[in-house]
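Below: the structure, in structure tokens.
The values are calculated or read from the model by the stated rules, or taken from the named source; none is laboratory data. These figures come from a predicted structure and were not determined experimentally. Cβ sites come from the backbone with ideal geometry, for glycine too, and all protein chains shown count toward neighbours.
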């Protein structure tokens, strides 16, 4: 039953996995081709007549150019379907591909603007030194803003499908934790004390009181502590908004029309990350569409005897023995890679179990950086 | 080549997936072989070095773990570093704060604080006089830093805190760290890249940003996972022609010719990227070969470490 179910799942291709899905989140470690995969999935679904938006985080320049991504904008741009049609992937009626390159700082600013109760608070936050200099370093900020953006786009109802390319954090689940971490801290009773205008946060500017306060001042320094108190006080005022937003995000992630796709390459470390990612998300009861393994080497006949191969290369292809020997070495390299990849993929399949079908995308000789490349990748993801 | 063995600390940075951890460990092996007492400090909690040396559960925790003669590793944890710092610097006040949940929450939520604490611990590891009780000094600390963007932001954090805080212990700590990490005699940034478009772009951008934002030079670049170019251009052309012409060849011969052409094309593409990188850097990067083994094992690390000797 297991093998058959797995095979059936894979045969459906990504279109089958995303049937009726509104939000697709591609997760995996850095360098495995998530951005490319997200874009290829989005293009393939647009070709099937859906209005799709792909949210990218850090695309390569050429791919960004090909998608018409404007680094200055934080809003979706429509991607010209002509190069895709030229590459053999025409979009069906109603199909549209849109793309957006996430600007984390802008998204955070937009969030503040939306949540601030009035113009003055908004200005105070945006000009607070801590916010200006360091908000990029807020733990999980890139992850948080990616999800916040996803939520905003989903709320517009403009797109049939959203595809999110998650940032390459080591702990891929940072992005799930990010909203929680912020709100949990802000909700902490101890912090509430710090934030209250009459609390010791404000007392910093006046007389010291209490041993702990003195200690805090000594360790952090008055200026920093003042800026920090202001930062926390101002953001704390947005607490309701953050909490509501975190709940909405949680609801979106758990929605029956949301699916996670695991993206990996066949090396040991990314596969271990994918397995970890799957285990954690499964424990959080999130739904998977499937797994995609990029850059897979495969071979047939790799077990052939090298001596025989060399002889045949000389006889059939007219190569010199020296060159034939080199060719045989190349063949052996490919065989080593194919064996490695097969073993690692088998390990992945075994750990994921049958509920997560896998699709393998072969190693393509060239980088994927334009519509042609995305169509080539898509051919392996979507059933004919 | 780079004379990195004179430094107290090497900061390894690079895009995700380029093999920074592998290079960090291999560089540690090379340093230890030279007789330098070396510590590979990891920041992501993955304990790659410990696992590579057979510590199955990986976790060295926040403790320094001996891997081999003169080779140690540690997984830096910001909260642990905070507690150490408090007890060293703040005496009785430190103990009060260490016990305060408010303070811990405050530290967790303060932007940039993780980075400051992490760099603070890396600095401490590299001091000739260790602050941590009972700890012995190292000759060289190798920091396996997070992916490029974050790596550069992390290095700027001490300066940012020094500017915002102005006075007080955090400001002074910020200044100390900034001075150390930007002192070319004490510390060096090493970029790790793959011979692909994006990593090369990132490396060149990193070099520019290090200069512009921190006033330091990228000390060395390592290009990882280079395929062997067994054919060279002339033989590559011969093989391509043979592939075209051999319409009636057996499947085995066809497959072999295709494999050879494919590897040749990829190797040539890699060489072009290396050339682009070298031109942008104004010097040749150190090249490391692709390892064809199923996973990077100790033998592979030893092989890489022999190449990396050149940097020390």
Complete set of residues in the stretch B:156-174 that are over 14 Å from residue A:130 (Cβ atoms), within 8 Å of chain A (Cβ to nearest Cβ) and in contact (Cβ under 8 Å) with a residue 24 or more places away in the chain: B:169
Every residue from the stretch B:225-249 that is away from every other protein chain (no Cβ under 11 Å) and part of a strand (DSSP E or B): B:226
Test: residue in the stretch A:295-316 that is in contact with a strand residue (DSSP E or B) (Cβ under 6 Å, 6 or more places away or on another chain) and more than 9 Å from chain B (Cβ to nearest Cβ): yes
Residue under evaluation residue B:36, criteria (1) more than 14 Å from chain A (Cβ to nearest Cβ); (2) without any contact (Cβ under 8 Å) to a residue 40 or more places away in the chain; (3) assigned to a loop (DSSP other than H, G, I, E, B), criterion not met: (2)
Matching residues in the stretch A:284-313 - criterion: being surrounded by 17 or more Cβ atoms within 10 Å (Cβ to Cβ), more than 11 Å from residue A:331 (Cα to Cα) and modelled with pLDDT of 90 or more: A:288, A:289, A:290, A:291, A:292, A:293, A:294, A:295, A:296, A:297, A:312, A:313
Lone qualifier among B:304, B:312, B:286, B:277 - being at pLDDT below 95, away from chain A (no Cβ under 11 Å), closer than 30 Å to residue B:140 by Cβ and in contact with a helix residue (DSSP H, G or I) (Cβ under 7 Å, 6 or more places away or on another chain): B:312
The stretch B:250-261: number of residues that are facing chain A (nearest Cβ under 7 Å) and crowded, with 18+ Cβ neighbours inside 10 Å: 7
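Let's see how each residue does on (1) within 26 Å of residue A:44 (Cβ to Cβ); (2) touching a residue at least 40 places away in the same chain (Cβ under 8 Å); (3) crowded, with 20+ Cβ neighbours inside 10 Å; (4) within 14 Å of chain B (Cβ to nearest Cβ):
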{"residue": "A:84", "(1), (2), (3), (4)": "yes, yes, yes, no"}
{"residue": "A:98", "(1), (2), (3), (4)": "yes, yes, yes, no"}
{"residue": "A:114", "(1), (2), (3), (4)": "no, yes, no, no"}
{"residue": "A:120", "(1), (2), (3), (4)": "no, no, no, no"}
{"residue": "A:133", "(1), (2), (3), (4)": "no, no, no, yes"}
{"residue": "A:143", "(1), (2), (3), (4)": "yes, no, yes, yes"}
{"residue": "A:147", "(1), (2), (3), (4)": "yes, yes, yes, no"}
{"residue": "A:150", "(1), (2), (3), (4)": "yes, yes, yes, no"}
{"residue": "A:156", "(1), (2), (3), (4)": "yes, no, no, no"}
Residue in the stretch A:273-292 that is in contact with a helix residue (DSSP H, G or I) (Cβ under 8 Å, 6 or more places away or on another chain), part of a loop (DSSP other than H, G, I, E, B), free of Cβ contacts under 8 Å to residues at least 40 places away in the same chain and at the interface with chain B (Cβ under 10 Å from one of its Cβ atoms) present: no
Considering residues of the stretch A:329-362 that are facing another protein chain (nearest Cβ under 8 Å) and either touching a strand residue (DSSP E or B) at 6+ places or on another chain (Cβ under 7 Å) or within 21 Å of residue A:36 (Cβ to Cβ) (or both) only, the residue surrounded by the most Cβ atoms within 10 Å (Cβ to Cβ): A:337
Which listed residue is farther than 15 Å from residue B:272 by Cβ and more than 14 Å from chain A (Cβ to nearest Cβ), from B:202, B:217: B:217
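Is it fair to say residue B:73 is touching a helix residue (DSSP H, G or I) at 6+ places or on another chain (Cβ under 9 Å) and assigned to a loop (DSSP other than H, G, I, E, B)?
No; evaluated as a whole, the condition is false for this residue.
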Residues of the stretch B:275-287 classified as part of a helix (DSSP H, G or I) and crowded, with 20+ Cβ neighbours inside 10 Å, total: 1
Residue in the stretch B:229-246 that is in contact (Cβ under 8 Å) with a residue 40 or more places away in the chain, surrounded by fewer than 22 Cβ atoms within 10 Å (Cβ to Cβ) and more than 30 Å from residue B:89 (Cα to Cα) present: yes
Options B:31, B:52, B:41, B:26: the member that is out of contact with any strand residue (DSSP E or B) (no Cβ under 7 Å at 6 or more places or on another chain), on the phi < 0 side of the Ramachandran plot and surrounded by 24 or more Cβ atoms within 10 Å (Cβ to Cβ): B:26
